[in-house]
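K.L.:
What follows is a single structure, and I will ask about it in a moment.
The values are calculated or read from the model by the stated rules, or taken from the named source; none is laboratory data. A quick note: this is a predicted structure, and the numbers were derived from the prediction, not measured. Cβ coordinates were reconstructed from backbone atoms using ideal geometry, including for glycine residues, and neighbour counts include every protein chain displayed.
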């Protein structure tokens, strides 16, 4: 997923979607301009087939006020955001939709419906969040995880966080994703539990408990991103200087890292929740339509990879 000069990395991802079939997507409570416009534009670009779930009158009022052409888009009328989350999840469970997209409701409302034990979209894995980042100073798409869901992940949680991110990277066309497990230092010490978790994750990968990627850690951020920094520290690593995935030690570190890249390095970030039955497009009200489209494109690639996997099982 290396970028070429003058071409954004997101645009290269979207180019891969050009010949793919649009994916039916349940959009929960798109009752605000950017949420509605992002879903509609993604539909117009042939990425998704949006199914708008929420108060029909309010959705149409928002569309009319902001000149958004709903055309023949299906609207499922429910009274409020909580009902919209539940109904959108139900559409996925019944097979009417293959993706779930957050509209203008609170994230907790949507994920509450996703993790409901009897009616949700749970799998055997823990949910995790990924930022798929286009960093101008980095040579390829960079996945940062977890920066939004798991506050203080245990070792077992980090195993699922790694697996989820590896599966996503593979669906984006990375044959063997390189995973850097971040810590403050590159040496293992009992004084920093994150370094012990990193070492354990690497050994678990050696024992095939985590498969599909090449994992190294603990790595400080500079050693993970820069081959020169790793060389100066005497670190021999196939991951250092070339990671596809950065795994943060906890949510606070991951959130700060992603926002620093966005605001200091002018990175764009698309957001997804992975680990559920289907990818969940999780955008912020502050996200531009371009970022919403990028999130949809990443989710579409993941959805088609899921289709192929299910067909292989069948």
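K.L.:
State which residue is nearest to the chain's Cα centre (by Cα) when the search covers only segment 267-277 and only residues that are farther than 21 Å from residue 139 by Cα and surrounded by fewer than 24 Cβ atoms within 10 Å (Cβ to Cβ).
P.N.:
Among them, the one singled out is 276.
K.L.:
Exactly one of (1) in contact with a helix residue (DSSP H, G or I) (Cβ under 8 Å, 6 or more places away or on another chain); (2) surrounded by fewer than 17 Cβ atoms within 10 Å (Cβ to Cβ) is unmet by residue 97. Its number?
P.N.:
If we test residue 97 against (1) in contact with a helix residue (DSSP H, G or I) (Cβ under 8 Å, 6 or more places away or on another chain); (2) surrounded by fewer than 17 Cβ atoms within 10 Å (Cβ to Cβ), just (2) comes out false.
K.L.:
Please count how many residues of segment 146-165 are under 19 Å from residue 277 (Cβ atoms) and touching a helix residue (DSSP H, G or I) at 6+ places or on another chain (Cβ under 6 Å).
P.N.:
So the answer is 2.
K.L.:
Follow-up. What about residue 12, is it in a helix (DSSP H, G or I), without any contact (Cβ under 8 Å) to a residue 40 or more places away in the chain and more than 20 Å from residue 277 (Cα to Cα)?
P.N.:
So residue 12 passes the test.
K.L.:
Look through 116, 84 and report the one residue that is touching a residue at least 12 places away in the same chain (Cβ under 8 Å), more than 17 Å from residue 272 (Cβ to Cβ), within 26 Å of the chain's Cα centre (by Cα) and surrounded by 21 or more Cβ atoms within 10 Å (Cβ to Cβ).
P.N.:
Answer to the selection: 84.
K.L.:
Moving on to the next point. Condition (residue is farther than 30 Å from residue 304 by Cβ, more than 17 Å from the chain's Cα centre (by Cα) and surrounded by fewer than 19 Cβ atoms within 10 Å (Cβ to Cβ)) applied to segment 168-183: is it met by at least one residue?
P.N.:
So far as segment 168-183 goes, no, none of its residues is farther than 30 Å from residue 304 by Cβ, more than 17 Å from the chain's Cα centre (by Cα) and surrounded by fewer than 19 Cβ atoms within 10 Å (Cβ to Cβ).
K.L.:
Considering segment 229-250 alone, what residues qualify as being over 22 Å from residue 192 (Cα atoms) and part of a loop (DSSP other than H, G, I, E, B)?
P.N.:
Correct list: 238, 241, 242, 243, 244.
K.L.:
In addition: From the list 207, 231, which one is over 28 Å from residue 304 (Cα atoms) and at pLDDT below 95?
P.N.:
Checking each option against the conditions leaves just 231.
K.L.:
Against the conditions (1) over 16 Å from residue 165 (Cβ atoms); (2) surrounded by 16 or more Cβ atoms within 10 Å (Cβ to Cβ), where does residue 236 fall short? Just the number, please.
P.N.:
Among (1) over 16 Å from residue 165 (Cβ atoms); (2) surrounded by 16 or more Cβ atoms within 10 Å (Cβ to Cβ), the lone unmet condition for residue 236 is (2).
K.L.:
Take residue 295 and decide whether it is part of a helix (DSSP H, G or I) and surrounded by fewer than 22 Cβ atoms within 10 Å (Cβ to Cβ).
P.N.:
In short, no.
K.L.:
If you don't mind, another one. Go through segment 82-153 and tell me which strands (runs of 3 or more DSSP E), entirely inside it, have 3 or more residues that are assigned by TED's automatic domain parsing to the domain that holds residue 40.
P.N.:
Where strands (runs of 3 or more DSSP E) fall fully within segment 82-153 and carry at least 3 residues being assigned by TED's automatic domain parsing to the domain that holds residue 40, they are 99-102.
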